[in-house]
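Student: I have a structure here, written as structure tokens, and I will follow up with some questions on it.
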Amino acid sequence: GQTALYTGHLDHARRAAECLFKMIDDQPQEDRFYYHMTRDGKLVTPEVSPKAGFIDANKTEQVYWEASIAMIFLLKLYEATGDEESLTYAKRLWSFKLRCQDDSSAHGNSGKDGYVSSLYYALTGDARGKEEALKFCDFLLSTQLENGAWCWAPTDDPVRIYLNWAAEYSVWLYEISGSLAAGDRTWGKQGKQKSATA
């Protein structure tokens with residue numbers, strides 16, 4: 001979807017979005033987000049496979065990026081085309097994000113979540129997006145090593161520490177700062193009023 005969008009193939013991007021719409025519509029529980037589908041477009045739940053992958057909103061240390069990847073694409077499609085349906089489904093994912101535990105914006109698994117929060121703020125003015133993005137940035141800055149890298153698990157692999165994690169989280173900080181600045185220019189530093197229905 002992202003590749004199609006960035007290369008101007010909007011018909012293909014829309015088809016990818018429709019696949020995500022179906023994934024979101026087919027979720028059987030409000031406190032779980034199942035993130036795999038079969039090749040024929042069926043959501044993989046425990047009825048389909050005992051190894052069905054999901055984010056459990058009631059637990060910490062989840063693979064939060066799985067929902068954030070989908071939301072990033074839907075917001076980017078809305079930004080590029082004004083497609084309101086994409087924004088509507090992105091808001092549904094945002095609601096799920098808010099049901100997750102506090103570490104969804106303060107964990108090594110939260111990079112895409114921090115970015116999507118800033119993007120959500122930039123495009124909607126919802127100040128909660130800015131708050132969640134800043135929470136992730138504070139987490140990153142508080143866990144950064146003195147040499148500028150991050151290390152999330154015991155490892156002696158310098159490539160993982162200095163290239164993989166350091167590069168990824170530096171990119172997220174850069175992208176988040178850009179989205180927050182864009183949101184502040186559009187909505188003002190406080191953003192729109194928090195809305196219980198957003």
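The values are calculated or read from the model by the stated rules, or taken from the named source; none is laboratory data. Source: prediction; values computed, not measured. Neighbour counts are summed over all protein chains in view; Cβ atoms, including those assigned to glycine, are modelled from backbone coordinates with ideal geometry. What goes into the accessible areas is simple: the full protein's heavy atoms, side chains included, and nothing from ligands, DNA or RNA. Shrake-Rupley method; radii C 1.70, N 1.55, O 1.52, S 1.80 Å.
Student: Over the stretch 85-198, what is the mean sequence separation of C-alpha contacts under 8 Å (at least six apart), divided by residue count, expressed as relative contact order in percent?
Tutor: 33 percent
Student: Where does the stretch 1-146 land on Rg/Rh, using Cα atoms and the Kirkwood Rh?
Tutor: That ratio is 0.98, to two decimals.
Student: For the stretch 1-141, what number of Lys pairs, 8 or more residues apart or on separate chains, have alpha-carbon atoms under 22 Å from each other?
Tutor: Eligible lysine pairs with Cα atoms under 22 Å apart amount to 24.
Student: Then there is this: Take LEU163 and HIS36, extend 7 Å from each Cα along the Cα→Cβ direction, and tell me the distance between the two endpoints in nm.
Tutor: Reported label-point gap for LEU163 and HIS36 is 2.9 nm.
Student: Right, something else. Please report the carbon-and-sulfur percent of the accessible area for the stretch 1-87; probe 1.4 Å, protein heavy atoms only, DNA, RNA and ligands left out.
Tutor: 49 percent
Student: Right, here's the next one. State in Å² the accessible area per residue of the chain; use a 1.4 Å probe, count heavy atoms of protein chains only, and round to the nearest integer.
Tutor: 53 Å²
Student: Largest first, how would TYR89, TYR6 line up by accessible area (1.4 Å probe)?
Tutor: Solvent-accessible surface, decreasing: TYR6, TYR89.
Student: Under unit Cβ charges (Lys, Arg +1; Asp, Glu -1), what dipole magnitude, rounded to 20 debye, does the chain have relative to its Cα centre?
Tutor: Computed about the Cα centre, the dipole is about 380 debye.
Student: Treating only the Cβ of Lys, Arg, Asp and Glu as charged (+1, +1, -1, -1), what charge dipole size does the stretch 9-62 show about its Cα centre? Round to the nearest 20 debye.
Tutor: I would put it at about 220 debye.
Student: Moving on. Report the residue, chosen from ASP31, ASP113, ASP156, that carries the largest GNM mean-square fluctuation when the chain is represented by alpha-carbon nodes joined by springs under 10 Å.
Tutor: Greatest mean-square fluctuation among the candidates belongs to ASP156.
Student: If you rank SER95, SER142, SER68 by how much accessible surface each has, with a 1.4 Å probe, what is the order from largest down?
Tutor: Ranked list, largest accessible area first: SER142, SER95, SER68.
Student: Further question on the same structure: Could you tell me the largest-minus-smallest coordinate of the C-alpha atoms of the stretch 18-83 on each of the three principal axes, in descending order and whole angstroms?
Tutor: Extents along the principal axes: 38, 31, 17 Å.
Student: In addition: How high is the relative contact order of the chain, in percent, with contacts defined as C-alpha pairs under 8 Å that are six or more residues apart?
Tutor: In percent, rounded to a whole number, it is 17.
Student: What do you reckon, how do CYS151, CYS137 stack up by accessible area (1.4 Å probe), largest on top?
Tutor: My answer, sorted largest first, is CYS151, CYS137.
Student: Determine the relative contact order of the stretch 105-150: mean sequence separation of Cα pairs under 8 Å and six or more apart, normalised by residue count, in whole percent.
Tutor: The normalised contact order for the stretch 105-150 reaches 39 percent.
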